[in-house]
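First the structure, in the form of structure tokens, and then the observations on it.
Every read-out reported here was derived from the displayed coordinates using simple, explicitly stated rules and does not represent laboratory data. Just so it is clear, the structure is predicted and the values come from calculations on it, not from any experiment. Note: ideal-geometry Cβ built from the backbone for every residue, glycine included; neighbour counts use all protein chains shown.
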Amino acid sequence: MSTPTVRTRNPRRYGMVIDIDRCTGCGACIVACAAENNVAPGASRDNDRTSISLLRVFTIPNPEPVGRRAAFVPLMCMQCERDTPCVAVCPQQAVELDPMTGIVEQMPQRCLGCRYCMTACPYHARSFNWADPHWPSGMEATLNPTVAPRMRGVVEKCDFCQSRMHAAQDRAAANGSLDPGQYTPACVEACPTQAILFGDWDDPASPVSTAGDTFAWLEGLGTKPKVRYRSRQPWVGAMANRGGAAPRKEESNG
Amino acid sequence: MADIPWVPAAMFDRKFVPRGAARCGTAQFSLWLTPWFFLLGLGLWAGYLCLRDGLYHTNMDNRFAFGLWIFLDLAIIAFGGGAFFSGVLLYFLKLKELSAVIRSAVLIGFLCYSGAVTVLMVDVGQPLRAWFTFWHPNTHSMLTEVTFCITCYLVVLSIEYLPVLLRNRQIRKIPSFLVFEWELHKLMPVLAGIGAFLSFFHQGSLGGLYGVLRGRPFAFRESFGIWPTTFFLFILSAMAVGPSFILLTTRLVEWISKRTLVLESVYVKLARISGWMLTFYVLLKSVDTMVWLNSTSRRGGFLPWEYYSWEPFGVWILFVEIGVFGFLPAVWLLRAGRVPTRSLVVPALLACAGIALNRYVLTVQTLALATLPFDEFLSYTPSWQEVAVFGGVAAYGVIVYSILYRYTKLFPQER
């Protein structure tokens with residue numbers, strides 16, 4: 001009788017480092033995100049406050065004299081890992097922090113649509129389906145079969161393209177492993193300037209761990225976001241200091 | 001307007017009016033109810049639109065995820081706090097004067113709570129999933145506490161009010177109802193205790209909803225045990241404003257019905273209770289505000305003056321809430337007995353306005369302010385559907401109160 005092989009899986013802390021100086025604000029990440037996650041085209045009544053935006057790019061005007069380049073800040077769910085504001089408030093456990101990946105997961109099929117999580121999120125990174133999603137005739141064929149479209153009345157947000165992570169898990173399982181290892185979210189793949197780095201903060205060799213000095217927005221709130229930023233522009237760093245953030249190097253062990 | 005004796009409905013209607021109670025004619029009563037039914041119909045239509053098509057009929061958005069409905073829900077639930085507080089004062093502290101208004105207070109509590117639940121059912125995106133909170137409760141969420149308390153308290157309020165309904169002279173003719181009413185009556189102190197406990201927690205957890213929002217430095221507060229200070233302030237403010245609201249509504253019903261409903265001493269008692277509770281609340285609110293401005297907010301990296309640099313939410317709003325709608329009515333209410341009783345309507349109104357302003361600030365200003373340094377301050381104007389749904393709930397309250405005032409003895413001292 002052979003001893004069964006005990007397969008273990010190391011917990012991951014997936015996160016991102018976004019290089020603000022590299023981002024050109026082209027919006028390729030937004031398009032890739034929407035296509036990957038089956039975000040329906042907005043209705044004519046929609047605006048930037050009512051549409052589904054899992055990823056937004058903010059333009060920040062440069063306060064210095066004319067001619068200086070503005071900064072572009074891609075913003076999605078920051079995957080907070082300490083006192084995660086949205087996880088704590090959801091009344092029916094539709095939001096969870098996965099201890100194996102560090103990803104804050106949203107379960108639309110359990111969501112009541114109370115929007116308390118949206119009120120709790122300091123980054124305004126959550127979108128509500130104010131109406132039923134609608135794809136123009138023929139466009140249904142472009143839907144990603146690995147991502148379930150969400151119905152009206154539920155909240156959604158960036159989950160680091162979990163369908164891609166599941167695909168990576170399946171591939172790993174086929175090779176006898178439980179660890180999905182490295183995979184690439186759609187926005188990271190689409191960025192033409194490689195401004196978005198993705199990886200495991202606990203892996204010292206991952207792109208995020210080797211990214212150098214980084215900062216997080218609203219670091220003073222103490223929610224420990226796993227999406228961090230970097231910029232060599234002093235005025236961007238000064239802006240990040242508002243809300244208690246201070247540029248610092250991310251410790252590899254969190 | 002006189003009765004129309006040849007209308008069978010009018011004769012039927014008269015049979016249900018309590019003996020000795022003077023009520024207007026059937027036609028006049030119908031005329032009074034007509035505009036409220038119209039408003040109720042409009043509210044039902046607006047609510048139907050939201051349920052049928054989705055919440056895009058509202059002007060809420062991804063930033064203003066809460067709006068008029070949540071603000072008014074919080075306000076009317078505070079006003080309905082008179083029900084639980086009066087119950088405690090009457091059944092446990094034996095303030096017998098309050099027996100003159102307890103039935104009306106319980107009815108107002110029931111209407112406020114049931115109205116709030118109705119609006120919430122339109123406000124949430126998937127109302128049919130409301131039971132999930134009982135099936136998959138997140139015990140760390142203040143909203144779970146709110147849901148459990150509001151549901152249980154609504155049941156308790158319904159049972160508490162049932163004896164008054166069963167006392168109608170036509171219903172009393174059925175012997176089993178009479179026995180049932182008598183048995184329920186014996187349970188009242190127990191129900192008042194359970195109701196007070198549930199409502200106590202419910203009011204508190206509504207305040208806790210905002211106080212725990214670490215990501216919203218404008219709302220986030222220090223904690224005592226597992227609850228933020230807003231938990232305790234909401235309970236106190238509901239206890240302060242509840243008696244004032246009973247005073248106001250009783251005066252209003254007196255004015256509309258042209259009857260004397262309670263003795264003047266009852267108004268004095270209500271005003272003094274409200275005045276003491278309001279004083280206590282405003283003092284603690286002032287201390288809480290100072291701690292928040294000087295410590296809590298700064299620790300999160302936010303300078304308090306930033307919150308008040310966006311018009312119309314200037315510093316004036318803080319002074320109005322604490323001074324004009326806080327200390328001023330508190331002092332005035334405490335002078336009850338030494339000032340004309342009729343003038344107590346003014347401080348009672350100011351106290352109610354203060355609590356409504358507090359709920360408004362916590363709901364709307366919290367969401368209007370941006371947390372990210374590069375995000376913008378936003379404004380929000382409710383859509384007609386949002387206003388109509390709430391108008392419908394107000395109409396429901398007026399209709400049910402009017403009908404029960406007409407057919408039951410809401411005020412035992414009525415003369």
Neighbour cut-off at most 15 other Cβ (10 Å), DSSP loop, trypsin sites (Lys or Arg not before Pro), region B:236-279: B:Lys258, B:Arg259
Which whole-Hz ³J(HN,Hα) couplings does region B:151-168 yield from phi under the Karplus relation 6.51 cos²θ - 1.76 cosθ + 1.60, θ = phi - 60°, glycine and proline marked x? 5, 5, 5, 4, 5, 4, 4, 4, 5, 5, 7, 3, x, 5, 5, 6, 7, 4
The long-range amide H neighbours of A:Leu97, using H built 1.01 Å from N in the peptide plane and a cut-off of under 5 Å, are A:Glu105
Per DSSP H run of n ≥ 4, the term is -39500 (n - 2.57); total these for chain B, divide by its residue number, and report the mean residue ellipticity at 222 nm rounded to 500 deg cm²/dmol. -21000 deg cm²/dmol
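First check a/c for region A:152-195, with a ≥ b ≥ c the square roots of the eigenvalues of its C-alpha gyration tensor; if it is under 1.5, answer rounded, and if not, answer prolate when a/b is larger than b/c or oblate otherwise. Please list the in-between numbers first.
On the way: a/c = 3.61, a/b = 1.29, b/c = 2.81.
Taking the square roots of the gyration eigenvalues as a ≥ b ≥ c, region A:152-195 is oblate.
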Got a sec? Charge dipole of the protein assembly as shown, +1 on Cβ for Lys and Arg, -1 for Asp and Glu; which of A:Trp135, B:Gly208, A:Leu197 is way out at the positive end? B:Gly208
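Region B:1-99: which chymotrypsin sites (Phe, Trp or Tyr not before Pro) are DSSP loop and have at most 16 other beta-carbon atoms within 10 angstrom? Write out the running numbers ahead of the final one.
Details: sites: B:Trp6, B:Phe12, B:Phe16, B:Phe29, B:Trp32, B:Trp36, B:Phe37, B:Phe38, B:Trp45, B:Tyr48, B:Tyr56, B:Phe64, B:Phe66, B:Trp69, B:Phe71, B:Phe79, B:Phe84, B:Phe85, B:Tyr91, B:Phe92; in loops: B:Trp6, B:Phe64, B:Phe66, B:Phe92.
Answer by residue number: B:Trp6, B:Phe92.
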Applying the Karplus parametrisation 6.51 cos²θ - 1.76 cosθ + 1.60 with θ = phi - 60° to the phi angles of region B:266-280, what ³J(HN,Hα) value in whole Hz is obtained for each residue in order, glycine and proline being reported as x? 5, 4, 4, 4, 4, 5, 5, 4, 4, x, 5, 5, 5, 4, 4
Take the alpha-carbon centre of region A:97-137, take the same for region B:353-396, and report the distance between them in whole Å. 22 Å
Out of A:Pro122, A:Pro61, A:Pro207, a Gaussian network model of chain A with alpha-carbon springs under 10 Å gives the largest mean-square fluctuation to A:Pro61
Can you give the angle from 0 to 90° between the axis of helix B:345-360 and the longest principal axis of chain B, with both taken from C-alpha atoms, to the nearest 10? 50 degrees
So which trypsin sites (Lys or Arg not before Pro) in region B:74-157 are both in a DSSP loop and have at most 12 other Cβ atoms within 10 Å of their Cβ? B:Lys94
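At most 16 other C-beta atoms within 10 Å and a DSSP loop state: those are the exposed GluC sites (Glu not before Pro) I care about. Give me the longest piece of chain B that has none. Mind dumping the intermediate values first?
On the way: sites that count: B:Glu222, B:Glu376.
Formally, the longest exposed-site-free interval is B:1-221.
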Under 5 Å, built H, 5+ apart or other chain: amide partners of A:Leu218: A:Ala245
Just to check I understand the Karplus step: with θ = phi - 60° and J = 6.51 cos²θ - 1.76 cosθ + 1.60, what whole-Hz values come out for region A:133-147, glycine and proline as x? x, 9, 9, x, 3, x, 6, 4, 5, 8, 5, 6, x, 8, 10
Among B:Val124, B:Val389, B:Val212: highest mean-square fluctuation, GNM of chain B, C-alpha pairs under 10 Å: B:Val124
P(r) of region A:59-170 over all Cα-Cα pairs, 10 Å bins starting at 0, rounded to whole percent, reads 12, 35, 30, 16, 6, 0
Sequence-distant residues sharing a close amide H with A:Val227 (under 5 Å, placed H): A:Met16
Theoretical ellipticity at 222 nm over chain A - DSSP helices of four or more residues, -39500 (n - 2.57) apiece, nearest 500: -4500 deg cm²/dmol
Principal-axis tilt of helix B:175-211 within chain B, Cα atoms, nearest 10 degrees: 10 degrees
Give the separation of the Cα centroids, region B:195-220 to region A:140-190, in Å. 37 Å
Ignoring trypsin sites (Lys or Arg not before Pro) buried by more than 14 other Cβ within 10 Å or outside DSSP loops, the longest site-free run in chain A is A:83-231
Cα centroid separation - region B:240-280 against region B:283-344, whole Å: 23 Å
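How large is the charge dipole for chain B, taken about the Cα centre, if only the Cβ atoms of Lys, Arg (+1) and Asp, Glu (-1) carry charge, to the nearest 20 debye?
Values: 33 positive and 22 negative charges, 347 e Å.
Computed about the Cα centre, the dipole is about 1660 debye.
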Anything over 26 Å Cα to Cα? Flag those among B:Lys15/B:Lys258; B:Lys15/B:Lys269; B:Lys173/B:Lys258; A:Lys157/A:Lys226, in the order listed. B:Lys15/B:Lys269; B:Lys173/B:Lys258
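May I ask for the Rg/Rh ratio of the protein assembly as shown, computed from Cα atoms with Rh as the Kirkwood radius, given to two decimals?
On the way: Rg = 28.6 Å, Rh = 27.6 Å.
Radius of gyration over Kirkwood radius for the protein assembly as shown works out to 1.04.
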Expressed as an acute angle from 0 to 90° and rounded to the nearest 10, what is the orientation of the C-alpha long axis of helix B:384-407 relative to the principal long axis of chain B? 30 degrees
I want to verify a result. In a Gaussian network model of chain B, Cα cutoff 10 Å, which of these has the top mean-square fluctuation: B:Asn294, B:Asn59, B:Asn358? B:Asn294
Most positive-pole-ward Cα, B:Ala351, B:Ile194, B:Leu55, against dipole of region B:24-407 from beta carbon charges: B:Ile194
Simple spin-label estimate for A:Phe58 and B:Leu95 in nanometres, 7 Å along Cα-Cβ: 4.9 nm
When the Debye formula is applied to the Cα atoms of region B:24-407, each taken as the same point scatterer, what base-10 log of I(q)/I(0) results at q = 0.06, 0.14 Å⁻¹? -0.24, -1.35
